[in-house]
Amino acid sequence: MAQSPSDEVELLRQLAKGDEAAFHILYERYQRPVFRFAWYMSGNQTTAEEVAQEVFLQMIRNPRKFDTAKGTLAGYLFGIARNLVRRQMATSLLDVPLDDEELKDDSALAPDIDVLSEIERQERLELLHKSLLALPAVYREALILCELEEMSYPEAAAVLGCAEGTVASRLHRARTMLKSRLQNMRCVR
């Protein structure tokens, strides 16, 4: 995901001039990671889609707001997504949807797939996702950014607005909490 800062600054400069191609390059580069982050944080596909859309609308409205001295463009976009998800979840009555339609795979299984193994795998993934959603937001954010989005501690610290040591501490705590929860559900040893 890491791109040359000068490349990103040039694309944002072109975007500010109304260059649609620059927007498409940035959108293709960052839409999936921003969506994935919002989905893991909220546990809701619709919320994730809305957040991802709003992140890019904010980038279009004010492309000069990004400051290279404060971090990477990815960090800036994840920071916007983080704030939007938090706002959305604060106003939502359904903090953790446990029976979310998006978690189910509607596609038909291929005839050569072992059905029982596939069902077990899906159940484990669902338990993992529910366990991830059950983590407090500060730990879930660190885990998603560092483990799933593969951000470095400095990048995650910039997104979260905290020290690198805090990111490391939260990540360690998140792993411990997640492992404990999965052990209690007999998903891992």
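The sole residue among R82, R36, R32 that is under 14 Å from the mean Cα position of the chain (by Cα), within 30 Å of A134 (Cβ to Cβ), at pLDDT 90 or above and exposed (fewer than 13 other Cβ atoms within 10 Å of the Cβ) is R32.
Which ones in the range 61-76 are surrounded by 15 or more Cβ atoms within 10 Å (Cβ to Cβ) and in a helix (DSSP H, G or I)? It would help to see each step written out before you state the result.
Pass one, the range 61-76, residues surrounded by 15 or more Cβ atoms within 10 Å (Cβ to Cβ): 63, 66, 71-76.
P63, L73, A74, G75, Y76 - these are the residues of the range 61-76 that are surrounded by 15 or more Cβ atoms within 10 Å (Cβ to Cβ) and in a helix (DSSP H, G or I).
Applying the condition of being of a type in the set (V, I, T) and part of a helix (DSSP H, G or I) to the range 113-141 and asking which residue is nearest to the chain's Cα centre (by Cα) yields V138.
Can you find even one residue in the range 19-29 that is in a helix (DSSP H, G or I) and under 22 Å from A142 (Cα atoms)? Scanning the range 19-29, I find at least one residue that is in a helix (DSSP H, G or I) and under 22 Å from A142 (Cα atoms), so the answer is yes. Scoring A90 on the criteria (1) modelled with pLDDT of 90 or more; (2) surrounded by fewer than 14 Cβ atoms within 10 Å (Cβ to Cβ) leaves a single failure, condition (1). Of the residues that sit in the range 42-60 and are of a type in the set (S, T, N, Q) and buried (at least 18 other Cβ atoms within 10 Å of the Cβ), which one is nearest to E150 (Cα to Cα)? Across the range 42-60, the extreme among qualifying residues is S42.
Restricting the range 138-155 to residues that are surrounded by 14 or more Cβ atoms within 10 Å (Cβ to Cβ) and touching a residue at least 40 places away in the same chain (Cβ under 8 Å), the residue that is farthest from A38 (Cα to Cα) is E155.
The values are calculated or read from the model by the stated rules, or taken from the named source; none is laboratory data. Fair warning: this is a prediction, and the values are worked out from it, not measured in the lab. Backbone-built Cβ (ideal geometry, glycine too); neighbour counts: all protein chains shown.
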